[in-house]
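Please read the structure below before turning to the comments.
All of the numbers you see were taken from the coordinates with simple rules; none came from a lab. No experiment lies behind these values; they were computed from the predicted model shown. Cβ placement follows ideal geometry from the backbone for every residue including glycine, while neighbour counts extend to all protein chains displayed.
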Amino acid sequence: MNVSVVIPLYNEEENVLELHKSLKSVLDALALEYEILFVDDGSTDDTLLKLQDIQSDDNHVVIIVLRRNFGQTAAFAAGFEHAHGDIIITMDGDLQNDPRDIPKLLERTKHHDLVSGWRKQRKDPFFSRRLPSFIANWLISKVTGIKLHDYGCSLKAYRREVIKNLNLYGEMHRFIPAVASWYGITIDEVETAHHPRRKGASKYSLTRTLRVILDLITVKFLQSFSTKPLQFFGPFGIGSGFLGFLISLYLTIEKLFYGKDIGGRPLLLLGILLIIVGVQFIGMGLLGEMVVRVYHETQKKPIYVIKKIIDSK
């Protein structure tokens, strides 16, 4: 088994040395072939210099430098693209995830395609972090049908064939279990340790919750109708158009056979409106079919731009 560990970093100069030390200690004890991919997501401090110092003494380290701060999802995508391991592990670079949980995740990957960490005893502020996370986890589980306690935990293990088939954007890294479930994979969850942040500043804010909700809508649509958007919009369009047609037919009969004035009747406007809405829904479905086709043709386009890759091997 070969293992790749992917870690996005943004202004974590105070944490990278300790992170590497604890990570190397765990991985060396496993007696496996491994690589550590640090993705510098446009850091403006000395994170990159610290990483280069680390790499000079450890040829297991690969450094991927992005041209600017693209965000955690893009950083993960860059790491996945260049990882070579049979098992790919992700974790945060702020020392809140514990590398000593990695052996537990690897053990579970013998029987599952994806293993997600669960920060059961989470060491974060309640109102700003834990409460929004609890609500988001409940909502994601309800909408996607994939029951996990902690979608936001970055400590996860994936089989290579799972992660290589995914296209990420937005805040999609937290939805990987839901997206990957479309392929019929098996998912497991394991309790992991969680430590309070001791150094550096958190990169999270409540505005991120809004972005997560918007991406959840996208995920649900893709999950249910990614290959058949016309089947989503079509029934609304047909129903609206047919009802508008019946109203218009009724008014036409009233005009032609009974000589009634229908020009000023609100029912006429309703019938016309329903027909127009029906046509628009059908048009949206056809447009969706075109968008899906373009999406599948371009889904391997990167959402990041690499400045350089520093590989000591």
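For this structure, a couple of remarks:
- Applying a DSSP loop filter and a limit of 14 other Cβ atoms within 10 Å to the trypsin sites (Lys or Arg not before Pro) in segment 66-153 leaves Arg67, Arg68, Lys110, Lys120, Lys123, Lys147.
- Relative contact order of the chain, defined on C-alpha pairs under 8 angstrom at six or more residues apart (%): 22 percent
- Among (1) 24.5, 77; (2) 34.1, 116; (3) 25.4, 94, the entry derived from the coordinates for Rg and Dmax of the Cα atoms in Å: (3)
- Think of each Lys and Arg Cβ as +1 and each Asp and Glu Cβ as -1; about the Cα centre, that makes the dipole of segment 229-298 roughly 200 debye.
- Gyration tensor verdict on segment 123-195 (Cα atoms; rounded if a/c is under 1.5, prolate if a/b is larger than b/c, oblate otherwise): prolate
- Long pairs among Lys120/Lys199; Lys104/Lys142; Lys164/Lys307; Lys120/Lys164, criterion Cα-Cα beyond 25 Å: Lys104/Lys142; Lys120/Lys164
- Rounded to the nearest 20 debye, dipole of the chain from Cβ charges on Lys, Arg, Asp, Glu: 1040 debye
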